[in-house]
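Here's the structure we're looking at; comments come further down.
The values are calculated or read from the model by the stated rules, or taken from the named source; none is laboratory data. Computed from a predicted model, the values in this text were never measured in an experiment. Here the Cβ positions follow ideal geometry from the backbone for every residue, glycine too, while neighbour counts run over all protein chains shown.
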């Protein structure tokens with residue numbers, strides 16, 4: 001009898017201790033509302049400009065913080081493919097694009113913002129070996145179409161329009 005009372009007493013004390021000893025797992029973090037506008041680009045899009053065209057498909061990366069886009073197309077140099085990661089940098093309070101291309105070494109990185117239905121993206125690079133700044137404006141015309149304009153300033157010179165394009169959602 002003493003033995004069964006002792007076992008019951010030990011179990012009564014042990015079960016709550018085991019429950020408290022288990023690690024409580026926090027739910028995974030969720031993206032904030034500033035990430036959601038990137039969802040506009042989810043799907044398959046056709047990009048058309050004067051000297052280039054491409055098809056790219058975007059989907060949410062695991063966790064929902066980053067949009068991953070893969071594209072293939074042709075331009076004045078021939079065929080190309082690229083991979084873009086679009087996200088929101090809460091520290092910088094800006095959107096970012098990181099793009100790798102089959103026709104260029106390294107990563108292209110742009111910082112952007114969204115005001116209403118207009119995205120703006122800025123980055124630095126080179127043009128014919130000279131430092132240059134680039135500015136792209138993308139206007140979401142409808143849920144299935146957008147227009148784009150790219151401007152460039154070479155070595156601090158005046159801004160000139162270097163291209164205009166359209167985006168059409170096909171899926």
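Tally the residues that are part of a loop (DSSP other than H, G, I, E, B) and at pLDDT 95 or above, restricting the search to region 42-51.
1
Being touching a residue at least 40 places away in the same chain (Cβ under 8 Å) and assigned to a strand (DSSP E or B) is the filter here, so list the residues in region 149-171 that pass it.
Correct list: 163, 164, 165, 166, 167, 168, 169.
Anything in region 39-51 that is more than 16 Å from residue 147 (Cα to Cα) and free of Cβ contacts under 8 Å to residues at least 60 places away in the same chain? List them, or say none.
39, 42
Given the condition outside any helix (DSSP H, G or I) and modelled with pLDDT of 95 or more, answer yes or no: does some residue in region 19-41 qualify?
No, region 19-41 contains no residue that is outside any helix (DSSP H, G or I) and modelled with pLDDT of 95 or more.
State the number of residues belonging to region 85-143 that are within 16 Å of the chain's Cα centre (by Cα) and in contact (Cβ under 8 Å) with a residue 60 or more places away in the chain.
The total comes to 1.
Mind checking which residues of region 49-64 are farther than 24 Å from residue 28 by Cβ and surrounded by fewer than 13 Cβ atoms within 10 Å (Cβ to Cβ)?
Listed by number, the residues that qualify are 50, 51.
Looking only at region 65-112, how many residues end up being closer than 22 Å to residue 53 by Cβ and exposed (fewer than 15 other Cβ atoms within 10 Å of the Cβ)?
Adding up the residues that qualify gives 13.
Which residue, of 123, 159, is in contact with a strand residue (DSSP E or B) (Cβ under 9 Å, 6 or more places away or on another chain) and loosely packed, with under 14 Cβ neighbours inside 10 Å? Let's see the steps before the verdict.
Working: 123 fails: loosely packed, with under 14 Cβ neighbours inside 10 Å.
Just a single option satisfies the conditions, and that option is 159.
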